[in-house]
Structure formats: C-alpha cells, structure tokens
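For reference, the structure discussed in these notes is given below.
The values are calculated or read from the model by the stated rules, or taken from the named source; none is laboratory data. These numbers were taken from a predicted model, which means no experiment stands behind them. No Cβ is skipped: glycine too gets one built from the backbone with ideal geometry, and neighbour counts run over all protein chains shown. Protein only, heavy atoms only, side chains kept; ligands, DNA and RNA dropped before computing areas. Shrake-Rupley method; radii C 1.70, N 1.55, O 1.52, S 1.80 Å.
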Amino acid sequence: EVGESLNFIEHIVEEDLRNGYTKAELRFRFPPEPNGYLHIGHASSICLNFGLGLRYNAPVNLRFDDTNPAKEEQEYVDAIKKDVEWLGYTWDTERYASDYFQQLYDWAVLLIKEGKAYVDSQSSEEMAKQKGTPTEAGIDSPFRNRTVEENLTLFEGMRRGDYEEGTHVLRAKIDMKSSNMLMRDPIMYRVLHKSHHRTNTDWCIYPMYDWTHGESDYIEQVSHSLCTLEFAMHRELYDWFLDQVTDPKKLRPKQREFARRNLSHTVVSKRKLLQLVEQNAVNGWDDPRMPTISGLRRRGFTPESIKNFVNTIGIAKRENLIDVSLLEFHAREHLNKIAPRVMGVLNPLKLVILNYEGEEEWLEAENNPEDETAGFRKVPFSRELYIEQEDFKEEANRKFFRLKLGGEVRLKNGYIIKAESCTKDTEGNILEVLCTYDPKSKSGSGTEESLRKVKGTLHWVSIKHAVEAEVRLYDRLFTDESPDTHKDKDFMEFINPESLKVITGYLEPSLKSAQVGDRVQFQRLGYFCVDPDTTSEKLVFNRTVGLRDVWAK
Ligand code: ATP
Ligand code: MG
Ligand code: MG
C-alpha cells in the first residue's frame, strides 16, 4: 500500500508492533452504550476500530456498555447491530459489560479486602463538597477509614438490596489530593433498584463507567481501547483500576484518545437526538433529517458514501466542525455512479404538442451514462406532458437555456419542441404551454434533425402515463451551524421550521415497480430513494440530496 498515509492511532499500533506486541495480540472493540441510535459521529469510531481490525486481520468485538439500566433498552441494542452490519462490518463476538457484573463484583470485594475501596454513606451533595477544586485538595470522607469487615458487610448488603438508592456507594480509595479530580476516590458502584434489559432484577447495584470499561477491555484482552478525547483525564483512573487486577502474564489494554467528530447544522449526541424524538421535532430516530445512521439510510445515503466521508475527514487529535455539505458531496459522488436516471416532475406545468398526432410512443432512455451495464428502458411520450414550471418563461434573456415563447429546447430522450403560445387564468398565471415539435428530431434516430444542437434539454413526463408519488423534500434540521454551542440559547430554538416539505410528484411509469430503499436520480433534480412508508397504493420518495450543493457560496 504505497503512499498510503496512516492516521495517528495506526502509528501508535505500528509502534507497539515494533516494540514487542505481536499481530496476534491485537484486538479492538466498538463500545456503544445502548441508550440511543448510532449517529454519524459513531461512524467515525466504527470505521476506526473495524478499519484497524481489517488492516491487521485482528478481531473486533461489539461491546455494549450497558451499565445504566435507567437509559438502556433492547430496541437500541437491535438498532445498533443493524447499523453496524449495514455499514458493512462484521464483529468477532458480541459482548455486554453486563456479562461481567459478577466478575466486577468479585474484583470489588478484592479491592475492599486490600483496603483499596470503601463504602461511603454520605449524600452525593456532601461528597461533591468534599471533592475540592483542581487547585484545592479534597477532604477525606468520615467513612474513609471504615474497617474491611464493615465495608464488606455494607457492600454485601448493598448487593442484596437492603438499602435504598442514594444511601451508600462504593468508592475506590485513591487520593483526595490528586491534581486529577477523577482520582479523588471515584465512585465504583451505586444502588439502583432498576430492572436491566439483560440481567433483569439480578442486580440492584450497578458499576460506574470507569470501573467497568477498562476491566471489560482486560477481560476481552483488547489491546487498544480507543475512545474520544473527553476521556483523556480518565486514562489515569483506567490504568489504576487495571493495576488492581492485571495478571502480568496477560495482555494489558491501553486507552488512547481521538477527537469527537461534529457535523454542522445538526447535533451528534444521543441525549439531544432523544430529545428531538421525544418532543416530536422529528418522526423518530430514523427520520431522514436525523444525523443517525438509520436516518441517513432512510434518506438514501449509501454505506460507501458514509465510509468515504469518514475516511476523508480522517482521525484527528482536536475537535472541529465538519460541514455537512462534505457528507452530501460523498453521497452525490457515489449515487452518481450507481443510481439509475429517471424522469419526474415536481412542479408541473402542462405542455401540449399541437402537431403531435399519435396516441403515444415509447422512447428509448439510457439508465445510467456512468454505468455501461445499466442498460436502457422505455419511457412513454404523448401529446400532453408535464414540464417544471421553472423551465418555462414567456420572455427571458439569452442566458435562460430553457423554454421561452418562440424558443426551442430538446425534451430529454425525445424531440425538439418550440413554444408557440401559452394560456393563462384571469390572474395571469400560466395554465399551459402550446408547442409544436419536429417529428424528425427524435433522439438517437440518426437523422440530421436529431443531431441538431439546441441550447436546453428539459425533463418531462407524459401526463396520462404519469405515476403520482408523495415526495419529501428535506432541508437542514437546524438553521444554525452549531446549534448546541450557544451559551444563551437552547439548541431546540434553532430548529428549521422548513426542514420538511411534502409535495406531489409526477413520475415516469417505470417507477411503479420501485421497491423500498431503491435509489434513483430524478434527472436535473437530485437523488431520491423510496421511503418505507410506501404502500401498494402510494409511492413515497425522499430527496437524498440535490444535484449541486445549493448551500455552497
Ligand atoms: P453520545 O453523547 O452521542 O451518547 P457517547 O460517546 O456517549 O456519545 P457511546 O455509545 O458511548 O456514545 O459511543 C461509542 C463509541 O463511539 C465511543 O468510543 C465514543 O467515544 C465514540 N463516539 C461517540 N460519539 C462520537 C463522535 N461524535 N465522534 C467520534 N466518536 C464518537
Ligand atoms: Mg459513552
Ligand atoms: Mg453518552
């Protein structure tokens, strides 16, 4: 792979391989918390971890970080698995932090016995007050020096369910003077009388993230535990917890951090996305306006376009904002190669070809000029057609390469027509355009007239053959570039009231048989895909992206 550049995480792995790790020791994991659907930020983490797995032929676990039963659900587990698979990745084993609850408990007992953990019976407010500040040492809890016996008895009682929530916690006894606030006797367990989606009511104490994550990595023998930058300060604690349990003969995982990815004009946080769902700002997690993987899929994005986007932005050491137009660029680029071309009219204007005498005829149309294997189809032509309202003006300057009175255009795959006149209602709105056509100018017929160049080519549909469809046009979900970074305003205040527009489109009849998920290019309009709301009675299309970036300056 000459000339290929490695990201800084890959450099770390390469260096470890030079310094004694064997390839067989490499193992990675993608560790989502099942408290929401995956979003485009997660795609970066997925591509990083699974990409490393592919590069080094190393196993990658899918590990559900399911330690907070208050927020986690089976629905989210299922959605996450579907999304990772759809992106094209295969995990080695499916793991759950909850599988390790007993092991974690046993290790916690060990820590108590070694005098390295104690039960604190203060309120969380009291504990917070004693934490101190980064420049001011914390104060020891009055329970810090409980005896091992007392701690064991209390912790067993916590586990049995003898105590209410908030009465006791288990804390690691580390250092209340540490300059790293996370090292000031962090909580390892809290009482939670909540049923868990996998362990049901087996447990009424649940381990905290820091206590769980590193130990889970160790149990699975993950070599490189990659997480986002906000965990950089947690690394010291991650290492401290590992020090307590690591067998020197076994591999010791290492945590390394990379920057979270943020996308413009949206929010990438499950908590905020849940808020959008719960407050009905969108129609569910897979609403095509959502930056979730399921939303992007429903919108018509391909896995390839998402992966190309993620690989283009790469892995960074600093956070920054990526413009959503880059994601759209990658959608366009891939869809251009794979999406069959079809014709559909979204703002119809009736056009009558006065000198067309036939009933109808079927014209040959190329499915995809970018793909030789895509073949041809037939589209019906008749005397009455729809064109787009924007494609006709009574008068226009020379730069208007569409139809104007006295002017000519070619109808895509069909004939050259000339606008002779138009009819209007009493308010002056144009009702129909009356044209004549040149019968010898049929595209592909090889005649001199068929080769004649005219300035514009329009898409169209035959009115009597047209299939009506509901067409959903999307715009940015937020009017602001970074809606959740304002100090004085909530991100919900920036919701774009015009992010969804539903119209009726008139489509060529080949689309009658379109299946949910099919992606097409409506010529001159953009890329569209068939929405799952489609029934045998009604076709529903989503616009994935327009043909050009209308937001570019
Ligand atoms: P959220 O705030 O959306 O819940 P999270 O980090 O809590 O994000 P997890 O389910 O814990 O979500 O994430 C699984 C993995 O994906 C973690 O390793 C996390 O660091 C990574 N990840 C989450 N969001 C992003 C992002 N925006 N960019 C890159 N990686 C991310
Ligand atoms: Mg997390
Ligand atoms: Mg989270």
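Tell me, what is the per residue accessible area of region 394-553 in Å², probe radius 1.4 Å? Value returned for region 394-553: 56 Å² of accessible area per residue. Summed over qualifying helices (DSSP H, 4 residues or more, each -39500 (n - 2.57)) and divided by its residue number, the chain shows a 222 nm mean residue ellipticity of -7500 deg cm²/dmol.
So how do 103-114, 418-429 stack up, highest first, on mean other-Cβ count within 10 Å?
Values: 103-114: 17.2, 418-429: 11.5.
Ranked by mean Cβ neighbours within 10 Å, highest first: 103-114, 418-429.
How would you order 212-225, 436-449 from highest to lowest mean count of nearby Cβ atoms within 10 Å? Kindly include the intermediate steps, with their values, before the conclusion.
Values: 212-225: 23.1, 436-449: 15.2.
With the highest mean Cβ count within 10 Å placed first, the list reads 212-225, 436-449.
Distant-in-sequence amide contacts of Leu539, defined by a placed amide H-H separation under 5 Å and a gap of 5 or more residues or a different chain, comprise Glu470.
To the nearest µm²/s, what D does Stokes-Einstein give for region 409-520 at 10 °C and 1.306 mPa s, using the Kirkwood radius over alpha carbon pairs as Rh? Diffusion coefficient, whole number: 85 µm²/s. Over the C-alpha atoms of the chain, the Rg to Rh ratio, Rh being the Kirkwood estimate, stands at 1.12. Annotation: Lys393 carries an accessible surface of approximately 100 Å², with a 1.4 Å probe and no ligand, DNA or RNA atoms counted. Using R0 = 56 Å, the C-beta based FRET efficiency linking Gln279 and Lys440 works out to 0.40. For region 347-459, the pair-distance distribution built from all alpha carbon pairs, in bins 5 Å wide starting at 0, is 2, 11, 21, 24, 20, 12, 7, 3, 1, 0, 0 percent. Solvent-accessible area assigned to carbon and sulfur over the chain amounts to 47 percent, based on a 1.4 Å probe. Residue pairs exceeding 27 angstrom between C-alpha atoms, taken from Lys424/Lys464; Lys173/Lys270; Lys404/Lys440; Lys173/Lys254; Lys270/Lys317: Lys173/Lys270. Over 30 Å apart at the Cα level, from the set Lys307/Lys538; Lys71/Lys113; Lys82/Lys538, are Lys307/Lys538; Lys71/Lys113. Sorting Arg190, Arg184 by solvent-accessible area of protein heavy atoms yields Arg190, Arg184, largest first, with a 1.4 Å probe. Most simply put, region 8-258 has about 50% antiparallel DSSP beta bridges, counting only bridges with both residues inside it. Backbone amide hydrogens, once placed in the peptide plane, bring Lys254 within less than 5 Å of His224, Ser225, excluding anything fewer than 5 places away on its chain.
Taking only the alpha carbons of region 8-258, we obtain Rg and Dmax values of 18.8, 53 Å in that order. Between Leu411, Gly446, His11, the Cα set farthest toward the positive side of the dipole of the chain (charges on each charged residue's Cβ, about the Cα centre) is that of Gly446.
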